[in-house]
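The values are calculated or read from the model by the stated rules, or taken from the named source; none is laboratory data. Since we're looking at a predicted model, the values are computed, not measured. As a convention, Cβ positions derive from the backbone with ideal geometry for all residues, glycine included, and neighbour counts pool all protein chains shown. We work out accessible area using only protein heavy atoms, side chains counted, and drop any ligands, DNA or RNA first. Shrake-Rupley method; radii C 1.70, N 1.55, O 1.52, S 1.80 Å.
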Amino acid sequence: MSLAFESVELPAAAIELRHKVRAFLAEQRAAGAYVPRCSGWTIFDRAFTRACGQAGFIGLSWPRRWGGQERSTLERYVVVEELLAAGAPVGAHWIADRQSGPQILRHGSVALQEAVLPGIARGELTCAIGMSEPGSGSDLASVRSRGDRVDGGWKLNGRKIWTTGGHLADYMIGLFRTDPPDTSKRHAGLTQFAIDLNAPGVTRRAIRNISGREDFSEITFDDVFVPDTHVLGEPGDGWRLVTGELAYERSGPERFLSVFPLLVECLQAKPRSDSPAALAEIGRAVAHLAALRRMAISVAAKLDAGQDPATEAALMKDLGNALEREIPERLRGIALQSHETPEAAVFRALLADTVVDATSYTLRGGTPEVLRGMIARGLGLR
Ligand SMILES: Cc1cc2nc3c(=O)[nH]c(=O)nc-3n(C[C@H](O)[C@H](O)[C@H](O)COP(=O)(O)OP(=O)(O)OC[C@H]3O[C@@H](n4cnc5c(N)ncnc54)[C@H](O)[C@@H]3O)c2cc1C
């Protein structure tokens, strides 16, 4: 097996949409709705998400029946790219638009689709990812949170951790063990549920990260009832579903664009033009970003064509993670060389925040070691 990243031109409709998103962002910025930040896709802002929903930027490729616009994955790609590059606070709808909505569209009952998808598209209903548990991160098949059959549905018990936005979200797609563990079939007996996080028995606790923000949380489930209509796919088939969901999580441009706002602020700060080293750093970062962008567009085109680019997505995430860790480190030298101007102060403040935050970048969505194992398997090397 080989990796294929074909060169893809964006269609005219996508380019048209890009202008619309830029106009929306300029308007929002002028109205003081946000200040650009790195990793804007983890910043939870319901008001901004509602504005995105009203502008038609959520659930773009979904059926009209559920509030979508039946646009292509490449058109969605352009919207995503613009929102990320602007450092806009899109965290309240990011997970729902990127993976929970598509997962419900593919594997959910009509009742669940009706209950959740139009709300997501309007920017009113938000979702979280319930995979990791204490002791189960990379080795997701070892999850111990349990789902037991009861009349009309299931009772959930257990604990999820590091759930981004989980203390603020409305729904979670969670992976639970619904059959006893079988060491000969580690991936069997798991099921995904769409869980109302306001249901009785759900307790949520925000966790403060190294930057002092409360972006993720710990969630416990004590006899939480979930109706049969909220099971995704067939009970016991959760592993196949969760790996499909992870491909959506990893295939987008968020990794390499996380720190794009920092690069923009660096240029606004006008690093000394007599410093060839500074210019070389900026040129290097831009060249890497351009290459990763071509790869991301190619992955979006594969998704559009109904293919499964899981290995390409893992490679994209690994390379994107490396670059999002590298850019803040390399721009530190430029920060020291830039003049004392208000623009330079903005750049330095954003840099300080990003350097601390970047320590977690390679963990969220799967670590480099795990991704490289997947890439090797995808290439038939292991
Ligand atoms: C900012 C942030 C947001 C997150 N958001 C979410 C979320 O919304 N929902 C969610 O479910 N989870 C979330 N996570 C959790 C994240 O997915 C896990 O942290 C990650 O999968 C690693 O799991 P772990 O922390 O248990 O580490 P472990 O799996 O214990 O890994 C520890 C170390 O061992 C290495 N390792 C493990 N297994 C192997 C192997 N087979 N081969 C080689 N090396 C290996 C890892 O690479 C790592 O370096 C988030 C994490 C962070 C930091």
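A single member of A121, A141 is touching a Phe, Trp or Tyr at 6+ places or on another chain (Cβ under 8 Å), open to solvent by less than 30 Å² (accessible area, probe 1.4 Å), over 11 Å from L175 (Cα atoms) and outside the structural domain of S360 (by TED's automatic domain parsing), and it is A121.
Restricting attention to the stretch 278-298, the residues that are farther than 23 Å from V8 by Cα and either surrounded by fewer than 13 Cβ atoms within 10 Å (Cβ to Cβ) or touching a Gly at 6+ places or on another chain (Cβ under 6 Å) (or both) total 2. A search for C-beta distances below 7 Å between a residue of the stretch 44-72 that is under 8 Å from G123 (Cβ atoms) and any residue that is among the basic types (K, R) and open to solvent by 20 Å² or more (accessible area, probe 1.4 Å), counting only pairs 6+ apart in sequence or on different chains, returns G53/R122.
With respect to the conditions (1) over 14 Å from the mean Cα position of the chain (by Cα); (2) within 16 Å of the ligand (Cβ to nearest atom), R71 lacks only one, and its number is (2). Filter the stretch 1-39 down to the residues that are at positive phi and surrounded by 15 or more Cβ atoms within 10 Å (Cβ to Cβ) and list them by number. Answer for the stretch 1-39, where residues must be at positive phi and surrounded by 15 or more Cβ atoms within 10 Å (Cβ to Cβ): just S39.
Let me confirm something: among R294, R284, which residue is within 21 Å of the chain's Cα centre (by Cα) and not assigned by TED's automatic domain parsing to the domain that holds I210? On inspection, the qualifying residue turns out to be R294. For the stretch 325-362, the set of residues classified as touching a residue at least 40 places away in the same chain (Cβ under 8 Å) and within 16 Å of the ligand (Cβ to nearest atom) consists of P328, D353, T354, V356, D357, A358, T359, S360, Y361, T362, listed by residue number. From the list R71, R98, the one residue that fits, being open to solvent by 10 Å² or more (accessible area, probe 1.4 Å) and farther than 19 Å from A128 by Cα, is R71. Taking the criterion of being near the ligand (Cβ under 8 Å from one of its atoms) and of a type outside the set (V, I, T), the residues of the stretch 139-169 that qualify are D139, L140, K160, W162, G165, G166.
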